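Asks: Right, I'll just put the structure down here and ask away after.
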Amino acid sequence: MSLFGGGERARVRWFEEKQSLMEAALGPIQEGCVRMILGPSDRGPYATYFFQEHLSGTGMATMELAPLKGRKAYNSVYRKYELVTFTPGKVGQGAKDLSDVANGTPGGLLRGALAFIGAYAFDARLEPGNTIEFPEDFGMSMSGRAFVFDTYVPEKFNSSFGLMLLIEIQREEMAWAMENNGTALLEKLKQADIYPYSNIDRPAAV
């Protein structure tokens, strides 16, 4: 007798298909994931999955924004998507020691951003070139932080599912994007060899 009902089998198949698509783009998922519970009003807990063979550094991605059915993150490019962000450091290298993605560490701060912005993505259409800025009094390690979005390796996907890249940017870059636009800022980040990494310990690209 099957351990899963028909609906559960379909959900498992979709998760496996989605994982296969993401691994084709980002390399294999590393051992260990981290779950974050945001609070009773949010849709957590959210898990962060780690990828270390695609680029130097570490990719961190969600796997819960694009369910088979029900509410999902979507925009004008993808009917479903997951978020991915990259840090230059090697973090989350195993289930036994994930202290490098604890609160306050560079990996932990990005992991928190994935969780908070992932929750927001269910209610907002986050498009390539869009920016987002958290108010100074937001708290929860997000106060004053700013980000820009882009599609990531879109050639690996189609309109049914893809990855949206989250890049943390400096306040002056956010101000510049407000005057110009987020797409122009993405070009600046590429020209400065910053893209696709989130690393605010660097000179501004503008």
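No lab work stands behind these numbers, since they all come straight from the coordinates. Please read these numbers as outputs of a predicted model, since none were measured by experiment. Every residue, glycine among them, receives a Cβ derived from its backbone with ideal geometry; neighbour counts consider all protein chains shown.
Asks: For an R0 of 41 angstrom, estimate the FRET efficiency from the Cβ-Cβ distance between Ala24 and Met140 and round to the nearest 0.05.
Replies: It comes out at approximately 0.75.
Asks: Which lysines, on any chain, are close to Lys69 with Cα under 23 Å apart, when same-chain ones fewer than 8 places away are left out?
Replies: Lys18, Lys80, Lys156
Asks: I would also like to ask the following. When the label point is put 7 Å from the Cα of Ala124 along its Cα-to-beta-carbon vector, which residues of the stretch 162-206 have a backbone N closer than 19 Å?
Replies: Once the point is set 7 Å along Cα→Cβ of Ala124, 163-186, 198 turn out to lie under 19 Å by backbone N, inside the stretch 162-206.
Asks: If I model a spin label at Ser76 and Ser160 as a point 7 Å from the Cα along the Cα→Cβ vector, what separation in nanometres do I get?
Replies: 2.4
Asks: If amide H atoms are built 1.01 Å from N in the plane of the peptide, which residues on other chains or at least 5 residues away come under 5 Å of the amide H of Phe161?
Replies: Here the answer is Arg79, Lys80, since their amide H atoms fall under 5 Å of that of Phe161.
Asks: If you don't mind, there's one more thing I want to ask. Taking 7 Å along the Cα-to-C-beta vector as the label spot, tell me the Lys69-Gln191 distance in nanometres, rounded to one decimal.
Replies: 4.9
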